[in-house]
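Heads up, the thing below is written out as structure tokens.
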Amino acid sequence: MISSTFGESRTDHFHAGVDIAGDKEEVRPMAGGKLLFYQFQSMNPYRPMPGAGNQIWIDHGEGRWSGYYHLSQFRITKRYVERSNVIALSGNTGRSGGPHLHFFLTENYGKTYVNPMIELLPQAAESNAPVVEHLVFITDRGVSRLKPGEDEKNRIRLTKPYPLFLELRDPGLESGSRRSPRIVEWKLESDAGQKAGGSIDFRRLDFTGGALRLNGEQEFESVYSDSFLRLGDPEIANGINRLTVRAVDHAGNESTTVFVIDVKREY
């Protein structure tokens, strides 16, 4: 079971791979290749494990690498491996909240992390669409959550411009899961005629300008505030505004959610 998807918030950084739940499950490489790097506690038992825990990196040629984190046991016996070889067992080493395999796929010699759920892994046969739970404003007084629904008129007072955030999740196969969707599109329309919109596509992370940026453009802070997804900083008009959000998961399930906001602007 995939418990975490690509691009999710990790408080101060993007999740650059996928997490597959399982304890002491056999791990095979995504393709044949040569051992690029590995690190295990037994190499230096007197130092604390890094966040990745026991880890293996494999070079598949042409600048494409794959990585496997939080492993419990090491099974590689030679430098070159085939796709059918068991290279390790999954585990709970390093900074891990439970037994799982963190798998990532990079291109351009580690400079680009690509979404394995697009590039490699098969789609899960599930029909649970993403759930947009709240529209969020983060103010000096804390977090304000607004409910969705055409009949749910949210009256708010704005003393200055605020960015728009969402609280959303993708249940996947588990109703309680809080995975991130693949694509989020939004549009804001006011009765005064103002319009704004945008989209977020969790396709890849590029290391550029000293940081990992979503699709080579957006740094973490412009996409998230902690676990809230940042839509943008649109001009919010006085009066009635309607925010429409379309969210699509990695299996192609989608949902459309509408928020109605009655705004009293005081700036």
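The values are calculated or read from the model by the stated rules, or taken from the named source; none is laboratory data. Predicted model, so just to flag it, every value in this text is computed and none were measured. Methodologically, a virtual Cβ is constructed for each residue, glycine included, from the backbone with ideal geometry; neighbour enumeration extends over all protein chains shown. The area values use the complete protein model at the heavy-atom level, side chains included, leaving out ligands, DNA and RNA. Shrake-Rupley method; radii C 1.70, N 1.55, O 1.52, S 1.80 Å.
Summary table below
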| quantity | calculated |
| --- | --- |
| Close pairs (6 angstrom Cβ cut-off, 6 or more residues apart or separate chains): closer than 20 Å to Leu120 by Cα in the range 30-42, of a type in the set (Ser, Thr, Tyr) and open to solvent by 60 Å² or more (accessible area, probe 1.4 Å) anywhere | Lys34/Tyr80 |
| Filtered residue count, the range 209-228, keeping only those that are in contact (Cβ under 8 Å) with a residue 40 or more places away in the chain and of a type in the set (S, T, N, Q) | 2 |
| Whichever residue in the range 100-130 is open to solvent by 60 Å² or more (accessible area, probe 1.4 Å), out of contact with any strand residue (DSSP E or B) (no Cβ under 9 Å at 6 or more places or on another chain) and not aliphatic (A, V, I, L, M) and, among such residues, is farthest from His15 (Cα to Cα) | Ser127 |
| Positions within the range 107-143 being modelled with pLDDT under 85 and of a type in the set (A, V, I, L, M), in sequence order | Leu121, Ala124, Ala125 |
| Among the residues listed as Gly97, Gly53, Gly63, the single one being closer than 17 Å to Asp23 by Cα and surrounded by fewer than 18 Cβ atoms within 10 Å (Cβ to Cβ) | Gly97 |
| Qualifying residue in the range 75-98 (condition: among the aliphatic types (A, V, I, L, M), over 30 Å from Gly210 (Cβ atoms) and modelled with pLDDT under 95) | yes |
| Candidate set from the range 229-247 (those that are touching a residue at least 60 places away in the same chain (Cβ under 8 Å) and charged (D, E, K, R)); member that is farthest from Gly110 (Cα to Cα) | Glu235 |
| Number of the condition not met by Trp57 [criteria: (1) free of Cβ contacts under 8 Å to residues at least 24 places away in the same chain; (2) of a type outside the set (Val, Ile, Thr); (3) in contact with a His (Cβ under 8 Å, 6 or more places away or on another chain)] | (3) |
| Ser84 assigned to a loop (DSSP other than H, G, I, E, B) and of a type in the set (Gly, Ala, Ser) | yes |
| Only one of Val258, Val245 that is crowded, with 20+ Cβ neighbours inside 10 Å, among the β-branched types (Val, Ile, Thr) and part of a strand (DSSP E or B) | Val245 |
| Selection count, the range 153-178, where residues are at pLDDT 90 or above and more than 17 Å from the chain's Cα centre (by Cα) | 12 |
| Any hit, the range 16-24, residues being closer than 18 Å to Pro116 by Cβ, in contact with a Pro (Cβ under 6 Å, 6 or more places away or on another chain) and surrounded by 17 or more Cβ atoms within 10 Å (Cβ to Cβ) | yes |
| Unique residue being within 23 Å of Asn253 (Cβ to Cβ), of a type outside the set (Asp, Glu) and surrounded by 16 or more Cβ atoms within 10 Å (Cβ to Cβ) when the list is Leu158, Leu173, Leu166 | Leu166 |
| Any hit, the range 138-148, residues being out of contact with any strand residue (DSSP E or B) (no Cβ under 7 Å at 6 or more places or on another chain), farther than 19 Å from Asn115 by Cα, open to solvent by 20 Å² or more (accessible area, probe 1.4 Å) and basic (Lys, Arg) | yes |
| Residue in the range 4-14 that is surrounded by 16 or more Cβ atoms within 10 Å (Cβ to Cβ) and among the acidic types (Asp, Glu) present | yes |
